[in-house]
Amino acid sequence: DSGVTQTPKHLITATGQRVTLRCSPRSGDLSVYWYQQSLDQGLQFLIQYYNGEERAKGNILERFSAQQFPDLHSELNLSSLELGDSALYFCASSANPGLAGYSSYNEQFFGPGTRLTVL
Amino acid sequence: AQTVTQSQPEMSVQEAETVTLSCTYDTSESDYYLFWYKQPPSRQMILVIRQEAYKQQNATENRFSVNFQKAAKSFSLKISDSQLGDAAMYFCASQGGSEKLVFGKGTKLTVNP
């Protein structure tokens, strides 16, 4: 158990709908990362939040958005869903990041993922 | 931009034997980290081993070790005394200053009894 929780475990919905995925980081971790794992694209970084602020953005579609709340939990909102959005969505958390532009080791602890199926 | 390439979609090994999974990467950063993650059928992402690019010594974790060739940008994973529980997808990943992990496509490892 990594200490990162994600809800729900499974989500089945229809095209055009909107869903919200929730992530609670490990106690004390300020950074939250969202990744998407699909058959087509593999594992891709979507977005990172640090202490409530967006810190980095990856290949995240405009139909997707995220936020991190004062209690540090994060939500990933997916709207106007398409068949191709079916994937496993992971949340990961880590402790304080290093200085911007300087890499420092911060192990990312992954949650169990949310399996999204769009029909 | 960082890229990670795993050229072996599938590998198999006999129980108790040794197997090596290949990974090459490309990065323009001078300071970065490399990782191998294991993803069993449960889909949980489990960190197997990490390597700091500034360290010349290859990382080891019990039966898992890496061969890090910085000039060749190669980072292979060796699993010794393979066990049935090692069967999983293995992902090579890199992390630079941007903190995000960049993953390869993965190698599916089968362990035969």
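Laboratory data are not the source of any read-out in this text; all were calculated from the coordinates shown. Because the structure is predicted, anything quoted here is derived from the model rather than measured.
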Let me check against my output: what whole-number percent is the relative contact order of chain B, with C-alpha pairs under 8 Å and at least 6 apart? 38
Cα-based radius of gyration of chain B once divided by 2.2 N^0.38 Å, which approximates compact folds: 1.01
Three-way shape call for segment A:34-97 based on the alpha-carbon gyration tensor, with the a/c threshold at 1.5: prolate
Going through the cross-link list A:Lys57/B:Lys38; B:Lys78/B:Lys108; A:Lys9/B:Lys78; A:Lys9/B:Lys105; B:Lys78/B:Lys100, which pairs have a Cα-Cα distance over 21 Å in this structure? A:Lys57/B:Lys38; A:Lys9/B:Lys78; A:Lys9/B:Lys105; B:Lys78/B:Lys100
Could you give the distance between the Cα centres of segment A:1-75 and segment B:66-113, to the whole Å? 24
What percentages make up the Cα-Cα pair-distance distribution of chain A when the bins are 5 Å wide from 0? 2, 12, 23, 25, 19, 11, 5, 2, 0
Over segment B:1-65: Kirkwood hydrodynamic radius from C-alpha pairwise inverse distances, Å: 13.9
Give me the orientation-averaged projected area of the Cα convex hull of segment A:15-61, in nm², one decimal. 4.3
Cα-only Rg/Rh for the protein assembly as shown with Kirkwood Rh rounds to 0.97
